[in-house]
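The values are calculated or read from the model by the stated rules, or taken from the named source; none is laboratory data. Only a predicted model underlies this, so the values are computations on that prediction, with no experimental measurement involved. Don't worry about glycine lacking a Cβ; one is built from the backbone with ideal geometry, like all the others, and counts go over all protein chains shown.
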Amino acid sequence: MPSPPRPSHQDAAVADELRLFHSGAHACGYWPERVARDLVLDPEDPRLALAYPQALRWGFRRSGDLLYRPHCTACRACVAVRIPVAAFVPNRSQRRTLARNADIAARILPAGRNDERLALYRRYLRARHVDGGMDDHGAAEFDQFLIGRWNDGRLLELRLHGRLVAVAVTDLADDALSAVYTFFDPDASTRGLGTLAILQQIAWARREGRAYLYLGYWIEGHRKMDYKRNFQPLEGFDGRQWRPMTAWAR
């Protein structure tokens, strides 16, 4: 397979030209008792797709059609993280996850919604995000949140004997993949499907010669986010540069 295109100066220049907005205060999605604000690239700019690779390198994240980065007044808990895939070596727990799921088949497909994916997504949200504002998502929210209008997205499907058990929404961005969101069968939670999806995305990036897998934000001490430290080596963005997470103060 041909190597993915490398970052261009044009893409960086486009990102520099985009307008940047500071959102209003809103409840934090990770710590409900805290107030959050975000930096958001102009969502109406038609050049967002060109700016996306550079935005990832600046610690931004895609949610639907928005490119945002947390920028809170009194909190810096959210740290953008990425895996340098060529250096990644699975640990013993991750090797056990791979062995436990040897009967699961993975395939990469164009991004899109169908009844099977939507049903799994809704089951996952009802089990994992009760009263969290997402448990009533339907077809429109699936398309808006996961698929988007301008990004180059794919779906990594995981199937057990033909049955869909997990979907990892993944964006392509020149020399990287970005793990946007993963949902899976809540009845199969003991299989470690979230971990399996990341391991499959790492293998995918490595096959295509992509340098990084972006994992969104790590938050120290947060039960749902701290698992990202298990994927080593891991790099974090400190606002100016990417540094090994081993150097991060704990």
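Points to keep in mind about this one:
- If the condition is being in contact with a helix residue (DSSP H, G or I) (Cβ under 9 Å, 6 or more places away or on another chain), closer than 21 Å to Cys78 by Cβ and either modelled with pLDDT of 95 or more or not acidic (Asp, Glu) (or both), then region 202-223 contributes Tyr212, Leu213, Tyr214, Leu215, Gly216, Tyr217, Trp218, Ile219.
- Region 54-89, residues that are in contact with a helix residue (DSSP H, G or I) (Cβ under 8 Å, 6 or more places away or on another chain) and assigned to a helix (DSSP H, G or I): Gln54, Ala55, Val85, Ala86
- Lone qualifier among Arg95, Arg107, Arg100 - being under 28 Å from Gly162 (Cβ atoms) and touching an Asp or Glu at 6+ places or on another chain (Cβ under 9 Å): Arg107
- Region 43-69, residues that are touching a strand residue (DSSP E or B) at 6+ places or on another chain (Cβ under 7 Å), without any contact (Cβ under 8 Å) to a residue 40 or more places away in the chain and of a type outside the set (A, V, I, L, M, F, W, C): Pro43, Arg69
- Among the residues of region 58-101, those that are surrounded by fewer than 15 Cβ atoms within 10 Å (Cβ to Cβ) and aliphatic (A, V, I, L, M) comprise Ala74, Ala86, Ala87, Val89, Ala99.
- Subset tally (residues that are assigned to a strand (DSSP E or B) and of a type in the set (A, V, I, L, M, F, W, C)) for region 28-53: 5
- Checking the stated criteria, Asp143 turns out to be surrounded by fewer than 21 Cβ atoms within 10 Å (Cβ to Cβ) and touching a residue at least 24 places away in the same chain (Cβ under 8 Å).
- Exclusive hit being touching a Cys at 6+ places or on another chain (Cβ under 7 Å) and not aliphatic (A, V, I, L, M), set Tyr124, Tyr217: Tyr217
- Some residue of region 203-217 being under 20 Å from Asn114 (Cβ atoms), within 15 Å of the chain's Cα centre (by Cα), surrounded by 20 or more Cβ atoms within 10 Å (Cβ to Cβ) and not acidic (Asp, Glu): no
- Filter result for Ala249 (surrounded by fewer than 18 Cβ atoms within 10 Å (Cβ to Cβ), modelled with pLDDT under 95 and hydrophobic (A, V, I, L, M, F, W, C)): yes
- Single residue of region 59-99 satisfying the filter (at pLDDT below 95 and either of a type in the set (Phe, Trp, Tyr) or over 20 Å from the mean Cα position of the chain (by Cα) (or both)) that is nearest to Phe142 (Cα to Cα): Cys72
- Between Leu177, Leu156, Leu160, the distinction of being of a type outside the set (Lys, Arg), more than 12 Å from the chain's Cα centre (by Cα) and over 15 Å from Arg113 (Cα atoms) belongs to Leu160 only.
- Yes/no for Arg229 being over 15 Å from the mean Cα position of the chain (by Cα) and either under 15 Å from Phe88 (Cα atoms) or not assigned by TED's automatic domain parsing to the domain that holds Ala105 (or both): no
- Within region 167-190, being under 15 Å from Arg128 (Cβ atoms) and touching a residue at least 60 places away in the same chain (Cβ under 8 Å) holds for Phe183, Phe184, Asp185, Pro186.
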